[in-house]
Amino acid sequence: GALVYQYPRRTICKSGTSMRMECQAVGFQATSVAWYRQSPQKTFELIALSTVNSAIKYEQNFTQEKFPISHPNLSFSSMTVLNAYLEDRGLYLCGAWTGGSEVFFGKGTRLTVV
Amino acid sequence: GQQVQQSPASLVLQEGENAELQCNFSSTATQLQWFYQSPGGSLVSLLSNPSGTKHTGRLTSTTVTKERRSSLHISSSQTTDSGTYLCAIDPNYNQGKLIFGQGTKLSIKP
């Protein structure tokens, strides 16, 4: 079946350090991959969207300098949170689209900054 | 900008009762999806319903596109239905860019 794996599930980093998280689509060919963040007491915000044959597009308030994304192909994507601070804590979700309206989300990476 | 408003913010029911969740959005949505977020945070797609009525199991979603609203009905609720239900729209079909509402936190008491 179609699944999206995210790693790690939970991570703790010291304020000012960086951490990398990964996302892998298994069982289907992803046509779009999006990274979202759910901050405490907030809903999901889109960080960036990668579409086949297009450059990565970052949303307002999120930059490549802060959240660099690498994806050798749309089945695998990694995102780094550089210089993480308290406001960066939350649940980071990766979603992969199949080409239609169907989307699969990973279980997320929960980032705690101390 | 695009906004998605969900109501109620929270809902507490006894097991067996029916739940009705609402979603209103501020502009045209080419796609509308309902998601379930478990207490642990995992997000699962429940229904994709940009218009009309769709059923799956105990879930029924009705979307009235011209009125920019959608509802999710859960019949005969169970304790395992507890969690947060999120409505999300995609203003540009198939672009993979979802705008989420704040969610409805549902608690089902035994």
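Of the residues making up the range A:68-101, those that are under 18 Å from B:Phe100 (Cβ atoms) and in contact (Cβ under 8 Å) with a residue 12 or more places away in the chain number 8.
In the range B:17-39, which residues are closer than 25 Å to B:Gln78 by Cα, more than 11 Å from every other protein chain (Cβ to nearest Cβ) and not in a strand (DSSP E or B)? Across the range B:17-39, the qualifying residues are B:Glu17, B:Asn18, B:Pro39.
Of the candidates A:Thr80, A:Thr98, the single residue that is surrounded by fewer than 20 Cβ atoms within 10 Å (Cβ to Cβ), modelled with pLDDT under 90 and among the hydroxyl-bearing types (Ser, Thr, Tyr) is A:Thr98.
Determine whether A:Ala30 is more than 13 Å from the chain's Cα centre (by Cα), surrounded by 15 or more Cβ atoms within 10 Å (Cβ to Cβ) and aliphatic (A, V, I, L, M).
On the way: more than 13 Å from the chain's Cα centre (by Cα): yes; surrounded by 15 or more Cβ atoms within 10 Å (Cβ to Cβ): yes; aliphatic (A, V, I, L, M): yes.
So A:Ala30 fits the description; yes.
Suppose we keep only residues that are acidic (Asp, Glu) and in contact (Cβ under 8 Å) with a residue 24 or more places away in the chain within the range B:40-94. Which one would you say is nearest to A:Phe104 (Cα to Cα)? Walk me through how you get there before you give the answer.
First pass over the range B:40-94, keeping only residues acidic (Asp, Glu): B:67, B:81, B:90.
Narrowing the set further to residues that are in contact (Cβ under 8 Å) with a residue 24 or more places away in the chain leaves B:81, B:90.
Working: B:Asp81: 20, B:Asp90: 15 Å.
For the range B:40-94, the residue satisfying everything is B:Asp90.
As for the range A:57-75, it holds no residue that is open to solvent by less than 30 Å² (accessible area, probe 1.4 Å), assigned to a strand (DSSP E or B), within 13 Å of chain B (Cβ to nearest Cβ) and aromatic (Phe, Trp, Tyr). One residue stands out in the range B:54-99 among those that are farther than 25 Å from A:Thr31 by Cβ and touching an Asp or Glu at 6+ places or on another chain (Cβ under 7 Å): the one that is most open to solvent (accessible area, probe 1.4 Å), namely B:Gln78.
Within the range B:40-87, the residues that satisfy the criterion of being out of contact with any Lys or Arg (no Cβ under 7 Å at 6 or more places or on another chain), within 14 Å of chain A (Cβ to nearest Cβ) and assigned to a loop (DSSP other than H, G, I, E, B) are B:Gly40, B:Asn49, B:Pro50, B:Ser51.
Apart from one condition, A:Ser15 fits all of (1) assigned to a loop (DSSP other than H, G, I, E, B); (2) free of Cβ contacts under 8 Å to residues at least 60 places away in the same chain; (3) among the hydroxyl-bearing types (Ser, Thr, Tyr); the exception is (2). Does B:Lys54 meet the test of being at pLDDT 90 or above and either of a type outside the set (Phe, Trp, Tyr) or under 21 Å from A:Glu45 (Cβ atoms) (or both)? Spelling it out, B:Lys54 is indeed at pLDDT 90 or above and either of a type outside the set (Phe, Trp, Tyr) or under 21 Å from A:Glu45 (Cβ atoms) (or both). All of A:Arg37, A:Arg20 fail the test of being open to solvent by 60 Å² or more (accessible area, probe 1.4 Å), more than 10 Å from every other protein chain (Cβ to nearest Cβ) and basic (Lys, Arg), apart from A:Arg20.
Please find, among A:Gly1, A:Gly16, A:Gly90, the residue that is of a type in the set (Gly, Ala, Ser) and under 14 Å from the mean Cα position of the chain (by Cα). Full working, then the answer.
Values: A:Gly1 fails: under 14 Å from the mean Cα position of the chain (by Cα); A:Gly16 fails: under 14 Å from the mean Cα position of the chain (by Cα).
Answer to the selection: A:Gly90.
Evaluate the following for A:Ser50: is it of a type in the set (Ser, Thr, Tyr) and farther than 23 Å from B:Gly101 by Cα?
Values: of a type in the set (Ser, Thr, Tyr): yes; farther than 23 Å from B:Gly101 by Cα: no.
So A:Ser50 fails the test.
Out of B:Gln6, B:Gln102, one residue alone is closer than 23 Å to A:Gln60 by Cβ, within 11 Å of another protein chain (Cβ to nearest Cβ) and open to solvent by 60 Å² or more (accessible area, probe 1.4 Å). It is B:Gln102.
The values are calculated or read from the model by the stated rules, or taken from the named source; none is laboratory data. Predicted model, so just to flag it, every value in this text is computed and none were measured. Positions of Cβ are backbone-derived with ideal geometry, glycine not excepted, and every protein chain shown enters the neighbour counts. The accessibility values were calculated without ligands, DNA or RNA, using every heavy atom of the protein model including side chains. Shrake-Rupley method; radii C 1.70, N 1.55, O 1.52, S 1.80 Å.
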